Every structure is written in C-alpha cells, then in structure tokens.
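To start, the structure under review is shown below, and the notes come after it.
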Amino acid sequence: MKARGRLRDTFRQLTIEEIEQGGLGPGLGKERITNMIATRPDWCISRQRIWGVPIAVFLCELCQQPILDPALNKKIVTLFESQGAEAWHTTEVADLLPAGAACAHCGGTAFRKETDILDVWFDSGTSWFAVANPTRI
Ligand SMILES: [Zn+2]
C-alpha cells in the first residue's frame, strides 16, 4: 500500500506541475483545478480505462482519418443492438469492415478501431435525458 500511495502522490505532483506549465487559463481556473488535484486524494485515474461507451469509428493507420460510411455505421449500430457496446472491444476490425475497404483520403487499407470512449458526463446526460424524456428519443 505504501508504494501505491507514493505512485498516487507522484501522479498528483506531476499533474500539478503540468497544470503549472500548461498555460491553463484563466488564472482562477488554473488555481481551482490545482487546488482540486492537490486536495482530493479520492480522485483516481481509473476513468481513463477502456470501459465506457466506445467512440465507434475506424481510423486509417496511415493518415489517421476516420472512415465516414453510413452503411458501416448502421452495421455497428446493429452489432451494438444485438451484443451491446462491449462488442466494439471483442470484434475484430476485419469482421466489421467491408472487404476491400480503403481510406478515402490516402487509399490506405489498414484500419484500427478508436479506443477512446465517450466522456462519462455524456453518458450521464444522455441517460438522464432518455429517462426524463422517453418520447423525445
Ligand atoms: Zn488514410
């Protein structure tokens, strides 16, 4: 446990140093976030893990541009409806992309799945909206 505490303190100190050097503004916001980081030991870095609602987009390995294809998006929606959003992490790229898929920007044929997730606040807000306004969805 002692090593974990040291690691947490190191991340906290590094974060505070980055805030100081990062040009964050205005000054009031910089002071506020610095104080929150310095005095909130219950905060953790676990929200950076891959477990939320994925941003389901394929990116070209060569130019990092997304594939913008309504048919592919519909296929992903169908997958999520039948298997849940976790399917994004358990399904191989080749099983989702159409045969011969090529990047519209550079012609590349290698793609990767985006690994970022939607911010938890987006999840909270849309969940609240769906429950409070079920007929508007
Ligand atoms: Zn490309």
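The values are calculated or read from the model by the stated rules, or taken from the named source; none is laboratory data. This is a predicted model, so every value here is computed, not measured. Heads up, the Cβs are rebuilt from the backbone with ideal geometry, glycines too, and the neighbour counts pull from every protein chain shown.
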Checked against (1) assigned to a helix (DSSP H, G or I); (2) at pLDDT 80 or above; (3) surrounded by 11 or more Cβ atoms within 10 Å (Cβ to Cβ), Phe122 satisfies every condition except (2)
Being more than 16 Å from the ligand (Cβ to nearest atom), in contact (Cβ under 8 Å) with a residue 12 or more places away in the chain and outside the structural domain of Ile16 (by TED's automatic domain parsing) narrows it down to one residue among Gly52, Gly125, Gly108, Gly84; which is it?
Gly52
Has the range 45-67 got at least one residue that is out of contact with any helix residue (DSSP H, G or I) (no Cβ under 9 Å at 6 or more places or on another chain), among the hydroxyl-bearing types (Ser, Thr, Tyr) and at pLDDT below 90?
yes
